[in-house]
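**Q** Right, I'll just put the structure down here and ask away after.
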Amino acid sequence: MSQSYVVLARKYRPQRLTELVGQESLVKTLQKCIQNNTIPHAFLLHGIRGVGKTTTARILAKALNCESPIDGFDPCGKCASCKAVDKESHLDVIEMDAASRTSVDDIREIIDGAHYKAVMGRYKIYIIDEVHMLSKSAFNAFLKTLEEPPLHVKFIFATTELHKIPETILSRCMRFDLKRIPDDALKNHLITVCDKEKVSYDDPGLQVIVRCAGGSVRDALSLMNQAIAMHGNVTYEGLKDLLGLADVMALWDLLIFLCKGDPEKTLKAQREMVEKGADPLLVLEDLLDLIYRLACLKSSPSLIHDAQWLKDEKKKAQEFVEIHSMGVLMRLWQVLLKGYDDVKLSPLPKPTVEMLLLQLCYMSSIPTPSELLNNPKSGSLPTGKSAFSTPSLIHESSHKNAPPTELKKNTVPLPHSLIDIVQALTQSKELILLSHLEHDAHFVSLEQKTLLLHIKESAPSDFKKKLETVLSHYYGDTFYIKNVSENPKTLTLAEKRAQEKKEKEEKALNSPVVKQLKEMLDVSNIEVIH
Ligand SMILES: [Zn+2]
């Protein structure tokens, strides 16, 4: 069964101009040329690889010689001429690959042959693929024929590299730029092929193919071939194996841990992906791609309907861009992109990737300039560890009229620790209050709905009252704050965080990876740079 799939790209190669996927304007122009009999001597088809240049050239050759074209321009596919082109046995349609035949002699052969009339059809047609590969003298030899070609001769050139073709040649051709096939058109095409082949598929699977194919039908179909040969279907799970892709959801976890500034979970997530077969460098690429798409989504929310988002990702993506600012995305992008280059050059890619991720984690505990402006005290941040989630953003994230589900009255469980209180204040957008809680209060105890604190004199006079009001509202019941006069000598949240950060840094600096790096680089000191 798998054998029949090997030829998918061939089997579903378009046979008519009107079957070309996503090249409407090209088809329209060619149609006019043929119908009005204003056919140029030479065509130049330009486009990225796999976009259908050779296919288009063959269809065009068929159209020019077809005995009974449909609607006067589209090859019928049934006449002797069309059939001969399909079988590559048409005496007047000569195909040549300039990549392998670049010499003047090869061109002379063509030029000499061009003087003889067509045998089977109206025109003698030369299809020259990768025409930019011709040598300079070969181009020169061509030029004369192109200037005054015999009436029965047509040239169809195809190239991926337009800039390598001399201006003198370009100016004598009718040029067509074959567009990259739009994602939606490509996806629809894949669905059609799956249906015809009676192969099962899932949406995320098709989207992965579309994403990888980069606008090339051929690449998309050959990827689909491989998936079918290996798994008998086109599903995300199968493609993940095939491509060594990091699981999309695992990638999301990684991003979220990064943004939360959790080095332990970040490393764990990264290592799990690598253990499951993902290439560390590909993980970075995927992460960069994800951040890029999130930045686009942040700028233009309607992009959520883009074919690139998997069904399961959509909600996460929308939430992410709601919470995080463009500044955060830019910062992630810059550091990752720079790090990506370092990883490519590194003799130790795996540790370099991990160090890069750790760097991002630690970086996340530093507020951005705008955060500092919005909240001058935010040397420590309201969400606990994270800095990629920021005060100004949390403002954007929840609306009083439409609170997130956690905020619904009576469904919120009572707090078990001070962290829960921090969460409550963050959710309630009470960032100034939170900042005071972090800097001006020592925790004593928490029981049910009563929080005992030692409140410093630096706190505003209405701090206790405000905190009570907000927490009562949040937990949907009266909440009590008691101010204990005696200092319990515990650290404030801000102090604690600073200490934890220092410890984490020390731990990272003492890790085996860093020690190894120190030895390799022969340096005595490595600093954590934020
Ligand atoms: Zn025909």
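None of the figures in this text is laboratory data; all of them are computed from the coordinates on show. As the structure is a computational prediction, the values presented were derived from the model and not from experiment. Cβ: placed from backbone, ideal geometry, glycine included. Neighbour counts: every protein chain shown.
**Q** Which angle between 0 and 90 degrees, to the nearest 10, do you get for helix 263-275 versus the longest principal axis of the chain when only C-alpha atoms count?
**A** Rounded to the nearest ten degrees, it is 30.
**Q** Please go through the residue pairs 316/449; 315/465; 260/338; 466/496; 350/518 and name each one whose alpha carbons sit more than 27 Å apart in this structure. Spell out each step's value before the answer.
**A** Details: 316/449 33 Å; 315/465 37 Å; 260/338 21 Å; 466/496 24 Å; 350/518 16 Å.
Listed pairs above 27 Å: 316/449; 315/465.
**Q** Would you mind calculating the relative contact order of the range 66-121 from Cα pairs under 8 angstrom and at least 6 residues apart, reporting the percent as a whole number? The partial results should precede the final answer.
**A** Working: 33 pairs, mean separation 17.2, N = 56.
Relative contact order for the range 66-121 comes out at 31 percent.
**Q** Give the angle, between 0 and 90 degrees and rounded to the nearest 10, that separates the Cα long axis of helix 512-521 from the longest principal axis of the Cα atoms of the chain.
**A** Once rounded, the angle reads 60 degrees.
**Q** Can you compute 3J(HN,Hα) from phi for each residue in the range 426-434, using the Karplus curve 6.51 cos²θ - 1.76 cosθ + 1.60 with θ = phi - 60°, rounded to whole Hz and x for Gly and Pro?
**A** 5, 4, 8, 6, 8, 7, 5, 4, 4
**Q** Given H placed on each backbone N at 1.01 Å, which residues far from residue 479 in sequence or on other chains put an amide H within less than 5 Å of it?
**A** 472
**Q** Is the range 1-100 best put as rounded, prolate or oblate by its Cα gyration tensor, with a ≥ b ≥ c the root eigenvalues, rounded for a/c under 1.5, and otherwise prolate when a/b is larger than b/c, oblate when not? Please list the in-between numbers first.
**A** On the way: a/c = 1.44, a/b = 1.33, b/c = 1.08.
In terms of gyration-tensor shape, rounded.
**Q** Taking amide H positions as placed 1.01 Å from N in the peptide plane, with prolines and chain starts having none, which residues 5 or more places from residue 201, or on another chain, fall under 5 Å of its amide H?
**A** For residue 201, whose amide H was placed from the backbone, the distant partners under 5 Å are 234.
**Q** Contact order normalised by length for the range 1-102, with contacts defined as Cα pairs under 8 Å and 6 or more residues apart; what percent is it? Let's see the in-between values first.
**A** Numbers: 75 pairs, mean separation 23.0, N = 102.
About 23 percent, as a whole number.
**Q** Something else about it: Under a cut-off of 16 Å between alpha-carbon atoms, report the aspartates and glutamates in cross-link reach of residue 196, not counting same-chain residues fewer than 8 places apart.
**A** 19
**Q** OK, next. What is the angle, in °, between the Cα long axis of helix 217-231 and the longest principal axis of the Cα atoms in the chain? Nearest 10 is fine, range 0 to 90.
**A** Taking the Cα atoms of the chain, the angle to 217-231 is about 70 degrees.
**Q** Restricting to the chain, compute how many DSSP beta bridges are antiparallel as a %, nearest 5.
**A** Values: 7 of 31 bridges.
If we restrict to bridges inside the chain, about 25 percent are antiparallel.
**Q** Of 194, 176, 205, which is farthest towards the positive pole of the range 149-227's charge dipole, taken about the Cα centre with +1 and -1 on the beta-carbons of Lys, Arg and Asp, Glu respectively?
**A** Farthest towards the positive end: 176.
**Q** Which of the peptides 452-461, 268-277 is most tightly packed, and how do the rest follow, judged by the mean count of other Cβ atoms within 10 Å per residue? Please report the intermediate quantities before stating the final value.
**A** Details: 452-461: 14.9, 268-277: 16.6.
My ranking of the peptides, most packed first, is 268-277, 452-461.
**Q** Still on this structure, I have one more. Roughly how many debye, to the nearest 20, is the charge dipole of the range 1-110 about its Cα centre, given +1 on each Lys and Arg Cβ, -1 on each Asp and Glu Cβ, and no other charges?
**A** On the way: 15 positive and 13 negative charges, 71 e Å.
In total the dipole reaches around 340 debye.
**Q** Next question, about the same structure. Which of the three applies to the range 170-263, rounded, prolate or oblate, going by the alpha-carbon gyration tensor with a ≥ b ≥ c and a/c under 1.5 meaning rounded?
**A** Because a/c hits 1.5 or more and a/b fails to exceed b/c, the range 170-263 counts as oblate.
**Q** If packing is taken as the mean number of other Cβ atoms within 10 Å per residue, what is the order of 228-235, 125-132, highest first? Before the final figure, lay out the partial values.
**A** Working: 228-235: 17.8, 125-132: 23.5.
Final packing ranking: 125-132, 228-235.
**Q** Indicate the gyration tensor shape class of the range 82-184 (rounded, prolate or oblate), computed on the Cα atoms with a ≥ b ≥ c the square roots of the eigenvalues: a/c under 1.5 is rounded; otherwise a/b larger than b/c is prolate and the rest oblate. Don't skip to the answer; put the middle values down first.
**A** Details: a/c = 1.64, a/b = 1.09, b/c = 1.51.
Because a/c hits 1.5 or more and a/b fails to exceed b/c, the range 82-184 counts as oblate.
**Q** With the contact rule set at Cα under 8 Å and sequence spacing of 6 or more, what percent relative contact order holds for the chain? Don't jump to the answer; show the numbers that get you there.
**A** Working: 769 pairs, mean separation 55.6, N = 530.
Once normalised by length, the contact order is 10 percent.
**Q** Taking amide H positions as placed in the peptide plane 1.01 Å from N, state which residues far from residue 43 in sequence (5 or more) or on other chains have amide H under 5 Å from it.
**A** For residue 43, whose amide H was placed from the backbone, the distant partners under 5 Å are 155, 156, 157, 174.
**Q** Just report the Cα centroid separation between the range 102-127 and the range 157-200, whole Å.
**A** 26 Å
**Q** Would you mind checking the pairs 32/187; 11/78; 344/507; 268/507; 429/464; 136/164 and listing those with alpha carbons more than 22 angstrom apart?
**A** Details: 32/187 29 Å; 11/78 17 Å; 344/507 26 Å; 268/507 16 Å; 429/464 17 Å; 136/164 10 Å.
Checking Cα-Cα distances, 32/187; 344/507 exceed 22 Å.
**Q** May I ask you to evaluate 6.51 cos²θ - 1.76 cosθ + 1.60, the Karplus curve with θ = phi - 60°, for each residue of the range 157-173 and list the ³J(HN,Hα) values in order in whole Hz, giving x for glycine and proline?
**A** Working through the residues one at a time gives 9, 10, 8, 9, 10, 4, 5, 8, 9, x, 4, 4, 6, 3, 5, 9, 10 Hz.
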